[in-house]
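Quick notes on the structure that follows.
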Amino acid sequence: VKYNDNWNWCDEKRNTPQAFSHFTWEASGHKLLICDLQGVGDCWTDPQIHTVDGRGFGKGNAGIQGIKQFLSKHKCNAICKAMNLKCMTGRIKQQDQGTQWGPALQRKRQLYEEQAKEQQDP
């Protein structure tokens, strides 16, 4: 099953692959983005890596243009939000029926946010 390609298409039925691509951009310090994800469930194969300078990772590396194309169509979803990924375009997935964080993780995040707020407010 194809979840996203190396330009600007994605299957919005699942959140994990789209959030992973977004995460790779943030975690790399805005140097690369992994996309073109396909596979079964969360076992992905044959990814493509776009780098800012367009070097390495084969002919499918579309460089900054490939990165811009992915980010221009990406809609942040529940997993992007749970990982505190910066919303690059202001586009948010509405009526999100894709992969969600479980209630226990949501509660843990809520407690973390409450603790962070208490530390900010003397």
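The values are calculated or read from the model by the stated rules, or taken from the named source; none is laboratory data. On a predicted model such as this, the values are computed, not experimentally measured, just so you know. Because the Cβ atoms are built from the backbone with ideal geometry, glycine has one as well, and the counts that use them run over all protein chains shown. Surface accessibility is based on the protein's heavy atoms, side chains included, excluding ligands, DNA and RNA. Shrake-Rupley method; radii C 1.70, N 1.55, O 1.52, S 1.80 Å.
Computed from backbone phi with θ = phi - 60° and the Karplus coefficients 6.51, -1.76 and 1.60, the 3J(HN,Hα) list for segment 72-84 is 5, 9, 5, 10, 4, 10, 4, 6, 4, 5, 5, 8, 6 Hz; x is used for glycine and proline. Determine the per residue accessible area of the chain with all protein chains present and a 1.4 angstrom probe, expressed in square angstrom. Roughly 64 Å² per residue, with all protein chains present.
Computed 3J(HN,Hα) for segment 61-70, one whole-Hz value per residue from the Karplus formula 6.51 cos²θ - 1.76 cosθ + 1.60 where θ = phi - 60°, is 6, 8, x, 4, 5, x, 5, 4, 5, 4, glycine and proline marked x.
Annotation: aspartates and glutamates with alpha-carbon distance below 13 angstrom to LYS86 (same-chain offsets under eight excluded): GLU26. Under a Gaussian network description of the chain, with springs only between Cα atoms under 10 Å, the residue in LYS59, LYS13, LYS81 that fluctuates furthest is LYS59. Carbon-plus-sulfur accessible fraction, the chain (probe radius 1.4 Å, protein heavy atoms only): 54%.
The HN-Hα couplings worked out from phi for segment 17-24 by the Karplus form 6.51 cos²θ - 1.76 cosθ + 1.60 (θ = phi - 60°) are x, 5, 5, 4, 4, 4, 4, 4 Hz, whole numbers, x standing for Gly and Pro. Distances between placed amide hydrogens fall under 5 Å for TRP44 paired with no residue 5 or more residues away or on another chain.
The alpha-carbon of LYS73 sits under 13 angstrom from the alpha-carbons of these aspartates and glutamates, leaving out residues fewer than 8 places away in its chain: ASP5, ASP11, GLU12.
Using only alpha carbons, the chain has a radius of gyration to Kirkwood radius ratio (Rg to Rh) of 1.03. Taking the chain as a Gaussian network of alpha-carbon nodes connected by springs under 10 Å, the highest mean-square fluctuation of the residues THR16, THR51, THR89 belongs to THR89. A crude spin-label estimate for the pair GLU114 and LYS59, with each label 7 Å from Cα along the Cβ direction, gives 5.7 nm.
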